[in-house]
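The values are calculated or read from the model by the stated rules, or taken from the named source; none is laboratory data. Everything numeric here is computed off the predicted structure, so don't read it as measured data. Here the Cβ positions follow ideal geometry from the backbone for every residue, glycine too, while neighbour counts run over all protein chains shown. Accessible surface areas use protein heavy atoms only, side chains included; no ligands, DNA or RNA. Shrake-Rupley method; radii C 1.70, N 1.55, O 1.52, S 1.80 Å.
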Amino acid sequence: MMKFLMGALVVVLALGAGVFAMTRFLNSPEFKEQVLSTLTEAIGSEIEIEAMDISIWKGISLGSVRIADASGGSDDLIRADRLILRHQLLPLLRRQVQIDHLSLDHPVVTVRQREDGGWSFEQFLNARKESSAQLGTSQVETSQETSSFDFHLSQFSIIDAEVSMVDSEGRVIAEVHDLDLNSSVHLLGERLTAEGTVSAGAVQLGDSLLVTSVRAPVQISPEEIKLSSVSGELAGGELSGDIVFNTAPEFQYLMDLRLTGADVNALLQEAKVEAEINGELQVRVQVSGSGGLPTMVGEGEAWVSGGRVSQLPAQELLASLLQAPPLREIDFDECLVEFTLADNILETPVIRLLSSTVQVTGQGSLSLEDDQLDHDMMLALSQEVLAPLPAPLLKAFSPREDGFDTLDFRLWGPFQSPQTDIQQKITRGATEGLLEQGLEGLKNLFR
């Protein structure tokens with residue numbers, strides 16, 4: 001019995017000595033310097049930590065963490081109030097850091113696009129390729145005088161993050177507010193992956209669209225971040241779809257989204273369009289890109305059922321030229337626009353607005369860089385709308401089999417103050433009408 005007690009005492013003393021030695025080592029300036037050096041080498045950017053509290057019992061807490069923008073931006077790439085690691089005790093005695101949970105508290109991330117089109121976060125990808133240190137997944141190699149540690153991570157979370165994406169000219173492309181991420185981390189060989197859920201209180205796209213209550217399952221790998229079955233709210237409607245961010249070989253995003261039941265007028269107000277269109281909006285869009293609008297390529301369609309349109313600049317122009325008040329406010333049954341997007345140009349091969357008295361169809365393009373229109377359109381009016389028009393104006397219209405009279409016209413110039421060739425068509429029609437009246441008068445003279 002005495003031998004057993006003495007042996008147990010020796011084990012306890014050895015364990016206590018090991019814990020004491022480990023605690024001193026973890027809180028030594030040398031270890032803290034080693035951590036900063038390893039992190040800097042791993043991500044290829046300067047790191048500052050105002051406070052580092054390491055407890056063999058509680059874990060590691062880093063306060064006021066700052067990661068500089070290695071691409072040369074004036075703002076930090078990442079700032080966080082705290083970074084907390086919760087580890088298991090026994091693996092530390094074997095020179096292993098088994099992290100059960102890594103948590104990043106209120107990080108502020110600013111991602112900037114460089115003049116060459118790349119992004120500031122790509123420093124992490126490049127550093128990973130060039131450095132032998134692989135944070136969280138591989139050994140942190142030290143000199144012969146210090147022991148190496150194996151790092152293993154089981155769970156990763158981000159709490160209340162703020163993320164901004166800024167293009168090379170300083171314009172905000174997107175902002176994410178109140179972002180939370182909860183994920184489990186898996187290591188297969190040297191490949192680190194994670195899966196979990198991500199949510200955001202609001203996502204601001206440029207200065208025009210605000211998506212709220214965003215939530216999605218997320219899968220993260222070295223090559224991509226995939227958000228499937230995304231859900232959110234936009235202008236009172238439901239947003240759904242899939243989003244993929246490819247990080248290798250170069251950054252690119254792909255979005256396949258659908259919007260149902262949205263208030264089209266609320267959406268226009270968010271987009272700061274000075275027009276009023278009431279109705280329920282359905283949108284389908286597929287788009288890919290690597291930055292702001294100039295990089296986007298995609299296609300889709302927007303459909304509004306049972307609404308009213310007024311105050312469109314082109315609409316006001318037509319109503320004035322044709323002296324037709326009903327054109328200033330149109331109650332329509334259906335409004336459909338099909339579109340493609342490339343090189344900052346929105347092509348609209350199908351434009352269709354249908355009502356019982358007014359129909360507008362056509363196709364054209366809109367430059368998103370300077371809001372310049374270029375459309376070929378057709379206006380069709382019922383006899384009810386045509387009847388009050390002055391006779392010279394009627395000469396510009398051609399009858400159609402369904403009882404509508406039609407007018408082909410071109411629309412171009414700035415969206416807010418477009419131009420049209422309707423005036424020339426009216427003048428030509430009036431001239432032809434006067435000529436016909438003159439010829440008829442001559443015929444009467446000789447009767």
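Would it be correct to say that ALA396 is surrounded by 17 or more Cβ atoms within 10 Å (Cβ to Cβ), more than 32 Å from the chain's Cα centre (by Cα) and assigned to a loop (DSSP other than H, G, I, E, B)? So ALA396 fits the description; yes. Checking every residue in segment 250-266 against the condition of being among the aliphatic types (A, V, I, L, M), assigned to a strand (DSSP E or B), under 29 Å from ASP105 (Cβ atoms) and open to solvent by less than 30 Å² (accessible area, probe 1.4 Å) gives zero matches.
For (1) in contact (Cβ under 8 Å) with a residue 60 or more places away in the chain; (2) basic (Lys, Arg); (3) not in a strand (DSSP E or B), each residue gets a yes or a no:
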{"position": "GLN269", "(1), (2), (3)": "no, no, yes"}
{"position": "VAL273", "(1), (2), (3)": "no, no, yes"}
{"position": "GLY279", "(1), (2), (3)": "no, no, no"}
{"position": "VAL283", "(1), (2), (3)": "no, no, no"}
{"position": "VAL287", "(1), (2), (3)": "no, no, no"}
{"position": "PRO294", "(1), (2), (3)": "yes, no, yes"}
{"position": "GLY298", "(1), (2), (3)": "no, no, no"}
{"position": "ALA302", "(1), (2), (3)": "no, no, no"}
{"position": "SER305", "(1), (2), (3)": "no, no, no"}
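The residues of segment 222-249 that are of a type in the set (S, T, N, Q), part of a strand (DSSP E or B) and either open to solvent by less than 30 Å² (accessible area, probe 1.4 Å) or at pLDDT 95 or above (or both), listed by number, are SER231, SER240. The C-beta contact set for segment 239-257 (first residue farther than 17 Å from PRO222 by Cα, second residue basic (Lys, Arg) and in a strand (DSSP E or B), distance under 7 angstrom, 6+ apart or interchain) comprises SER240/ARG258; GLY241/ARG258. Return yes when GLY292 is at pLDDT 95 or above, among the small types (Gly, Ala, Ser) and out of contact with any His (no Cβ under 7 Å at 6 or more places or on another chain) and no when it is not. No. When segment 405-427 is examined, which residues are found to be of a type outside the set (Lys, Arg) and in contact with a Phe, Trp or Tyr (Cβ under 9 Å, 6 or more places away or on another chain)? Listed by number, the residues that qualify are ASP405, THR406, LEU407, PRO418, GLN419, THR420, ASP421, ILE422.
For segment 313-324, the condition holds for no residue, the condition being that it is under 27 Å from GLY236 (Cβ atoms) and under 22 Å from the mean Cα position of the chain (by Cα).
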